[in-house]
Amino acid sequence: MKATLTILCIAVSGMVCVRAQVVTLPYEEQFEWQVKQIDEFIDRFNNAEQTPIRQFLQKQYAIEEINRSDLLMTLFNLQKNWDTTQVRQFLHDVIKVPEAPQLHFLDNDWYAELTCSGLYDNRYQDFTLILTIKANAETGASRWVINSVSADFIPNTDTTAAFPLNKIPATQGTRTLNPASFGTDFMGLVRAMQDRASFGNYINLEVADKSVLGFFNLLYKNQLEFRQVSHITYHFLQIPGWVFRVENFSRQSSNSGWLINELIQVPEDKKPSYKKANLFLTQH
Amino acid sequence: MIRHTYLRYILVVTLLLTAFNFLYAQPTPKVVYTAKEPQQDNRQPEPNDNAYITFTEEQRQYFTDKAMQKSHDLGRYLRLISSKHEIEEDKLYAIREALQLFVSDSSRVEVSSVNNDLKQQFTIREYLERLRLLSYDKVELVWIKAQMVSRFRKGEDGRYYGIITAQQLFRGFLEDEVAYQDVTEKNIEVVLDRYLVFDEGKKKHRWDVFLSDISVQQTRIK
């Protein structure tokens, strides 16, 4: 019990105080606490059985039972000033309801917002891509697809694709963004945006609009060169009444990795407006 | 008399063998990581050309262990390639062996720094060559910790994809002084792929794990 309190106090001290204390730990221990990947974030959010953090706490501190509420608090960026009333309400809604909501990797309603840069008209330009994971119910496979694009320089008038629109499965030499692309911060996009024969595989054709076509048409005509993904924010809309955003905090601390940095109360009927304003999704 | 002579002979031979072993025996090889292999019959899933395969927990663990073993092997090769004390022939051999760990030569390494926003991508071969040509007198590359964080998930091409995250300490020395050091985090994409073998005259599909793209994030100066 003492061990439980000690470990959780280290992890959640920032929630008690207005200003969180950054804890510097030896590399190995910090590695265990760090939320290293977004699917690890999802598993911790759900307090799933086989997460590395549970195995670490069991092995290192003989902690067998981990309270979901305590674990959820460690998923917040503790260096930010939070409205503790709002956070408590969120925790209550996630934990205390009869059917505690969980996140699933193949859910439709979470998005990766990628801030990217490329070369257009001999100048570096920033633009935003919104991606989701798309599951293939027939084969059990999945891939990441681009839902929408936002940038000032991208034409919003294109109605036809200059490139071939492929069909999945991609077994004839065309490629997709594999489901683990998030693990390398979508570095595969650099290669994908040069893979003109496979452009159709990277688009969510169910929701893509003129800006997506405009973006890919520029790439296809070599008028735009994709250079890198600079920043990633994940938007989670699955929890009823809430939206939270997750970003990566690379620092020497037990509170590091992929953490909740924004928590917003959004009624379900307002979520389409959120998607339109923040994720540039006009169809949903 | 004869028995005493015989016993003395045995004693002398034993002592000589012990001394020989003490002087010339190879040190016990350091086992970095060993994949625990499941029962021979259960190691490979049933062939299914329609591509949706469900791995048993034992099979998943086997391939996870194999992926970890290959990432540790990569760490060893990186140390060897970057070491000034190794001869060129051994470094070139290590590069060839390291490339065998990857699903293809077109696998890429993306390097980013905390000091600037620019990311650079190299093919794995380019990355290893750059490592070989580092100008430090001595390099220390220590694998702090590695973990298979993301389980295998099926891609549309029938392969399965997972992620290993590893932290590595890098120190470069010039004239015995530390000239540069940092801690880098490596996210290694691992691919579970099928290949065709002929076993007793029959074509069979077998699965193996390979490394793929790697993102390298410099996290902090130690």
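No lab work stands behind these numbers, since they all come straight from the coordinates. The model shown is predicted, which means the values in this text are computed figures rather than measured ones. Here Cβ is always computed from backbone atoms with ideal geometry, including for glycine, and neighbour counts include all displayed protein chains.
By the count of other C-beta atoms within 10 Å, a proxy for reagent exposure, A:61, A:234 are ordered fewest to most as A:61, A:234.
With neighbour counts taken as other beta-carbon atoms within 10 Å, the residues B:176, B:65 rank, fewest first, as B:176, B:65. Please report the spacing between the Cα centers of segment A:90-157 and segment B:54-84 in Å, no decimals. Between the Cα centre of segment A:90-157 and that of segment B:54-84, the gap is 30 Å.
Remark: chain A is approximated by an ellipsoid whose semi-axes, taken from the C-alpha gyration tensor as √(5λ), come to 37, 19, 19 Å, largest first.
Which parts of segment A:26-42 would a label at residue A:247 reach, counting a residue when its backbone N lies under 17 Å from a point 7 Å out along Cα-to-Cβ? Of the residues in segment A:26-42, A:35, A:38 have backbone N under 17 Å from the label point off residue A:247. Length available on full extension from residue A:102 to residue A:139: 0.36 nm per residue minus the Cα-Cα distance, which gives 10.9 nm. Overall, the anisotropy analysis places segment A:165-284 in the oblate class: the square-rooted eigenvalues a ≥ b ≥ c of its C-alpha gyration tensor yield a/c not less than 1.5, with a/b not exceeding b/c.
Shielding by partners for peptide B:184-196, expressed as the average number of C-beta atoms from other protein chains within 10 Å of each residue's C-beta, is 2.
Computed on the Cα trace of segment B:55-220, the radius of gyration divided by the Kirkwood hydrodynamic radius gives Rg/Rh = 1.01. With R₀ fixed at 41 Å, the C-beta to C-beta distance from residue A:49 to residue B:93 puts the FRET efficiency at about 0.40.
Loop-resident GluC sites (Glu not before Pro) (DSSP state other than H, G, I, E or B) in segment A:170-256 with no more than 14 further Cβ atoms inside 10 Å of their Cβ: A:206.
Using alpha carbons only, the radius of gyration of segment B:123-194 set against its Kirkwood radius gives Rg/Rh = 1.13. Considering segment A:110-233, its Cα convex hull presents a mean projected area of 7.3 nm². Whats the longest run of chain A with zero trypsin sites (Lys or Arg not before Pro) that are DSSP loop and have at most 13 other Cβ atoms within 10 Å? No qualifying site falls inside A:20-95, the longest such stretch.
By its C-alpha gyration tensor, with a ≥ b ≥ c as the square roots of the eigenvalues, how is segment A:225-284 shaped: rounded for a/c under 1.5, else prolate for a/b larger than b/c, else oblate? Note, shape of segment A:225-284 comes out oblate. When the dipole is taken about the Cα centre of segment A:110-233, and only Lys, Arg (+1) and Asp, Glu (-1) are charged at their Cβ, what size is it in debye, to the nearest 20? Once rounded to the nearest 20, the dipole reads 340 debye.
Only helices enter the 222 nm calculation for chain A: every DSSP H run of n ≥ 4 contributes -39,500 (n - 2.57), and dividing by all residues gives -8500 deg cm²/dmol, rounded to 500. Evaluating 6.51 cos²θ - 1.76 cosθ + 1.60 at θ = phi - 60° for every residue in segment A:192-205, the Karplus couplings come out as 4, 6, 9, 8, 5, 5, 10, 3, x, 6, 8, 10, 7, 5 Hz, glycine and proline recorded as x. Projecting the Cα atoms of A:112, A:90, A:78 onto the charge dipole of segment A:66-127, computed from C-beta unit charges around the Cα centre, puts A:78 farthest toward the positive end. Taken along the Cα-to-beta-carbon direction at a fixed 7 Å, the label points for residue A:222 and residue A:122 span 1.7 nm. Given labels modelled 7 Å from the Cα in the Cβ direction, how far is it in nm from residue A:87 to residue A:273? Taking the two extended label points, one gets 2.8 nm.
Annotation: amide H-H contacts under 5 Å for residue A:224 (H modelled 1.01 Å from N, sequence separation of 5 or more, or interchain): A:219. The translational diffusion coefficient of segment A:17-147, from Stokes-Einstein at 4 °C and 1.567 mPa s with a Kirkwood hydrodynamic radius over alpha carbon pairs, comes to 72 µm²/s.
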